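J.: Below is the structure I would like to discuss, written out as structure tokens.
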Amino acid sequence: MPKNAHIKSVLIIGSGPIVIGQACEFDYSGTQAARSLKEEGIEVILINSNPATIMTDPKMADHIYLKPLEKKYIIEILEKHKVSAVLPTMGGQTALNLAIDCEKAGIWEKYGVEIIGVDIKAVETTEDREKFRLKMLELGANVCKGKTATSFLQGKKIAQEIGFPLVIRPSYTLGGTGGGFVNDAEKFNEALTRGLQASPTHEVLVEQSIMGWKEFELELLRDSVGNVIIICTIENFDPMGIHTGDSITVAPAMTLSDKLYQEMRNLAIKCMNGIGMFAGGCNIQFSVNPETDEIIVIEINPRVSRSSALASKATGYPIAKIAAKLAIGYNLDELKNPITGTTSAYFEPTIDYVIVKIPRWNFNKFPGADVKLGLQMKSVGEAMGIGRNFQEALQKACQSLESRRNGLGADGKELTNQQVILESLEFPSADRVFHIKDAFMHGISFRTIQKLTKIDKWFLEQIQDLAYTDKDIQQYSIDTLPADLLLTAKQKGYADRQVAHLLRCLESEVFKRRQELGIQRIYKMVDTCAAEFEAKTPYYYSTFVGVG
């Protein structure tokens, strides 16, 4: 059906200050949504307390309010403007929490404002840990064994019933704030107190630990008549135990069998339909037991999330733009794919490349900070690499971190102390992916590395292969390096500077040799449909795969 004619103006709630745990990806989504609504002739009113965002640029909305995200300022806006609807799904959990507060206070009803893009009951179901657990069980989806505690004594009792190791997940918090793993009773009291204090509702879920399991995310879009598409599958390089915002993530999923993917896809649609029939985006996180392939639902975000921004960039499919149009009444089959301009938006993207996202941390700005990674998100941004294979995308992402690394090692900054390397593998920090390569270079066994990291063997094999390539290149000089080995290195994402380091020569010499051999990068398009249809967006990435 066409857009709702009665929606003349929409209030978009932003995500507020860019803080650790809620990075700037929501600015990307909010900007897309504002432009999408203005295309439909709808008046856009925006409230966001952060002026350092693109969404607060004067051209992005008709009325912009740089005000704190509080109920009294929402009322102030509603007194000034005749707002038809509010879209709270583009500003992360901060925006959703404010929308819920206003709903409970009767503000939306008083001013005749419709909530679009999400069902408030769906938000309450997914954020209230006990309601979420019960709903998943009702839908036949597996969840971790656990119970909700609203007091210290109640939490202690639950811990005794389930047994250690445990994980504590506070309700209504962002970026895993207040959560953590507890392996023994000695640290439980402190962790439980921290979790209860972090939750605005003084509520935590105490559940069994599944640390070491594989983690996946699915990005979904649904319209008002129930059409659902899966935009992207995202696999975490790091296993359960590290917040997904602090994990290296890969799209599409690399180690997911088709059978398991189909099960996960069906379960994702069932869960999204089960929490509420709203038109918009949804992010669902799953965990998979690597031994038995048992699937457990970890979390559902009935909104555009950080991962949605990654999925948009990874596939070229503008999730927030389409989600905004779905929220005002359009159906997926009524919208055109903005990439091709001819096909329908009701399709699931197909990509013929690999995306790797690596988080960025600024621990150097926080002397004394705990640099170990866990359930609470600590990253402040991310770098993304696109390549024809995982190795190329991984090295590109490493080169984009602005951390003075030329790629995944091969730059003279490798660790040499084996004990330090082993500790880094077992207790992950920002540099663990580099230290995995160092471990292979120092001859630490594959079995030991896998046991300490719990990272899927396929990913470790890819890094091990890079270590072998390093050693192969080191056997030559710039004059004797075989052309096929240089091409192989470039296809695995090696920068000229890395090759030069391994050959003990200048970067300019490697570049010159490449030119002489005709090994030059080519460019391919990100088009959402693997070149099946002609694309109209100038969105390209470089590669050496296909050269020669």
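J.: Name the shape class, rounded, prolate or oblate, that the alpha-carbon gyration tensor gives for the range 178-305, where a ≥ b ≥ c are the square roots of its eigenvalues, rounded holds for a/c under 1.5, and otherwise prolate holds if a/b is larger than b/c and oblate otherwise.
T.: Because a/c hits 1.5 or more and a/b fails to exceed b/c, the range 178-305 counts as oblate.
J.: Just going by the charge dipole of the chain, with Lys and Arg at +1 and Asp and Glu at -1 on Cβ, which of Ser171, Ser36, Gly112 is farthest out on the positive end?
T.: Positive-most Cα among the choices belongs to Gly112.
J.: Oh, and also: Order by neighbour count: Ser287, Ser542, Ser84, fewest other Cβ atoms within 10 Å first, most last.
T.: Result, fewest neighbours first: Ser542, Ser84, Ser287.
J.: Roughly what angle does helix 152-162 make with the longest principal axis of the chain, taking Cα atoms, 0 to 90 degrees, to the nearest 10?
T.: Roughly 50 degrees between the two axes.
J.: Let me ask you something else. Rounding to the nearest 20 debye, state how big the charge dipole of the range 374-525 is about its Cα centre with +1 on each Lys and Arg Cβ and -1 on each Asp and Glu Cβ.
T.: That gives a dipole near 280 debye.
J.: Right, something else. Roughly how many debye, to the nearest 20, is the charge dipole of the range 145-208 about its Cα centre, given +1 on each Lys and Arg Cβ, -1 on each Asp and Glu Cβ, and no other charges?
T.: That gives a dipole near 100 debye.
J.: If we count every other residue with Cβ under 15 angstrom of Leu166's Cβ, Lys/Arg +1 and Asp/Glu -1, where does the sum land?
T.: It works out to a net charge of +4.
J.: If R0 is 35 Å, what FRET efficiency do you get for Glu161 and Glu109 from their C-beta distance, rounded to 0.05?
T.: 0.25
J.: At q = 0.22 Å⁻¹, what is the base-10 log of I(q)/I(0) for the range 145-208 according to the Debye formula with one equal point scatterer per Cα and no solvent? Please give it to two decimals.
T.: These q points yield log10 I(q)/I(0) values of -0.75.
J.: Going by a ≥ b ≥ c, the root eigenvalues of the Cα gyration tensor, does the chain fall in the rounded group (a/c under 1.5), the prolate group (a/b larger than b/c) or the oblate group?
T.: Judged from the Cα gyration tensor, the chain comes out oblate (a/c at least 1.5, b/c at or above a/b).
J.: Just need the relative contact order of the chain here, percent rounded to a whole number, with Cα pairs under 8 Å and 6+ apart.
T.: Relative CO of the chain lands at 13 percent.
J.: Moving to a separate point now. Helix 306-315 versus the longest principal axis of the chain: what angle, 0 to 90°, nearest 10, using Cα atoms?
T.: 60 degrees
J.: How many lysine pairs are close in the range 240-374, with Cα atoms under 25 Å apart and the two 8 or more places apart or on different chains?
T.: Qualifying lysine pairs in the range 240-374: 12.
J.: Run the simple label-point estimate for Lys471 and Lys131 please: 7 Å along Cα→C-beta, distance reported in nm.
T.: Taking the simple label geometry, Lys471 and Lys131 are separated by 5.6 nm.
J.: Within the set of other residues whose C-beta is less than 10 Å from the C-beta of Phe544, count the net charge using Lys and Arg as +1 and Asp and Glu as -1.
T.: Every neighbour counted, the sum reads +4.
J.: Rg to Rh ratio, the range 448-524, alpha-carbon atoms and Kirkwood radius?
T.: 1.06
J.: Using the number of other C-beta atoms within 10 angstrom as an exposure proxy, rank Arg222, Arg306, Arg521, Arg447 with the fewest first.
T.: Listing Arg222, Arg306, Arg521, Arg447 from fewest to most nearby Cβ atoms yields Arg447, Arg521, Arg222, Arg306.
J.: Report, in degrees rounded to the nearest 10, the 0 to 90 angle that the Cα long axis of helix 71-80 makes with the longest principal axis of the chain.
T.: Orientation of helix 71-80: about 70 degrees from the principal axis.
J.: Let me ask another. Given a Förster distance of 51 Å, report the FRET efficiency between Ser400 and Asp101 from their Cβ-Cβ distance, rounded to the nearest 0.05.
T.: 0.85
J.: A further question on this structure: Which percent of Cα pairs goes in each bin when the distances of the range 374-525 are cut into 10 angstrom slices starting at zero?
T.: P(r) for the range 374-525, in whole percents per bin: 10, 39, 35, 13, 2.
J.: Further question: Can you compute the charge dipole magnitude of the chain about its Cα centre, using +1 on each Lys and Arg Cβ and -1 on each Asp and Glu Cβ, nothing else charged? Give it in debye, rounded to the nearest 20.
T.: 660 debye
J.: Between beta-carbons, use under 12 Å as the cut-off and find the net charge around Leu220, counting Lys and Arg +1, Asp and Glu -1.
T.: 0
J.: Starting from the Cα of Lys80, draw a straight line to each of the lysines and keep only those under 19 Å, dropping any in the same chain fewer than 8 residues away.
T.: Lys8, Lys67, Lys71, Lys72, Lys110
J.: Report the extension gain between Glu186 and Lys72 in nm, rounded to one decimal, defined as 0.36 nm multiplied by the number of residues separating them, less their alpha carbon distance.
T.: The span from Glu186 to Lys72 would gain 36.6 nm if fully extended.
J.: Something else: Which length gain, in nm to one decimal place, applies between Glu509 and Arg521 when the Cα-Cα distance is subtracted from 0.36 nm times their residue separation?
T.: Full-extension gain reported as 2.6 nm.
J.: Relative contact order of the range 382-469, please, whole-number percent, based on alpha carbon pairs below 8 angstrom and at least 6 residues apart.
T.: It rounds to 21 percent for the range 382-469.
J.: Per 0.36 nm of contour for each residue apart, how much would the distance between Ser542 and Thr292 grow if the chain were fully extended, relative to their Cα-Cα spacing?
T.: Extra length from Ser542 to Thr292 when fully extended: 86.1 nm.
J.: Also: Given H placed 1.01 Å from N in the peptide plane, which residues other than close sequence neighbours of Asp352 have an amide H under 5 Å from its amide H?
T.: Residues meeting the amide H criterion: Ala530.
J.: Pop a pseudo-label 7 angstrom from the Cα along the beta-carbon direction at both Ile478 and Asn362 and give the gap in nm to one decimal.
T.: Using points 7 Å along Cα→Cβ, the separation is 3.8 nm.
J.: Ranked by Cβ crowding within 10 angstrom, fewest neighbours first, how are Ile522, Ile47, Ile42, Ile421 ordered?
T.: Fewest-to-most Cβ neighbours within 10 Å comes out as Ile522, Ile42, Ile421, Ile47.
J.: If packing is taken as the mean number of other Cβ atoms within 10 Å per residue, what is the order of 496-506, 153-163, highest first?
T.: 496-506, 153-163
J.: Under 5 Å between amide H atoms, partner at least 5 residues away or on a different chain: which partners does Ile298 have, H built in plane at 1.01 Å?
T.: When sequence neighbours closer than 5 places are left aside, the close amide H contacts are Gln285, Phe286, Ser287.
J.: In whole angstrom, note down how far apart the Cα centers of the range 76-94 and the range 178-223 are.
T.: 30 Å
J.: Let me check I have the definition right: for the range 259-323, take the eigenvalues of the Cα gyration tensor, multiply each by 5, take square roots. What are those semi-axes in whole Å, largest first?
T.: Equivalent ellipsoid of the range 259-323: 22, 15, 10 Å, largest first.
J.: Is the range 97-251 rounded, prolate or oblate when judged by the Cα gyration tensor, a ≥ b ≥ c being the square roots of its eigenvalues, rounded requiring a/c under 1.5 and prolate requiring a/b larger than b/c?
T.: Taking the square roots of the gyration eigenvalues as a ≥ b ≥ c, the range 97-251 is oblate.
J.: Applying 1/(1 + (r/R0)^6) with R0 = 25 Å to the Cβ-Cβ distance of Trp458 and Glu414, what FRET efficiency is obtained, to the nearest 0.05?
T.: So the FRET efficiency works out to roughly 0.60.
J.: Report, ordered by chain and residue number, the aspartates and glutamates lying within cross-link reach of Lys135, taken as a straight Cα distance under 17 Å and ignoring same-chain residues fewer than 8 apart.
T.: Asp119, Glu124, Glu127, Glu207, Glu299
J.: While we're looking at this one, here's another question. Under 8 Å for C-alpha pairs, at least 6 residues apart: give me the relative contact order for the range 219-349, rounded to a whole percent.
T.: It comes to 28 percent, rounded to a whole number.
Here, each number is a calculation from the coordinates, and none is a lab measurement. Everything numeric here is computed off the predicted structure, so don't read it as measured data. Positions of Cβ are backbone-derived with ideal geometry, glycine not excepted, and every protein chain shown enters the neighbour counts.
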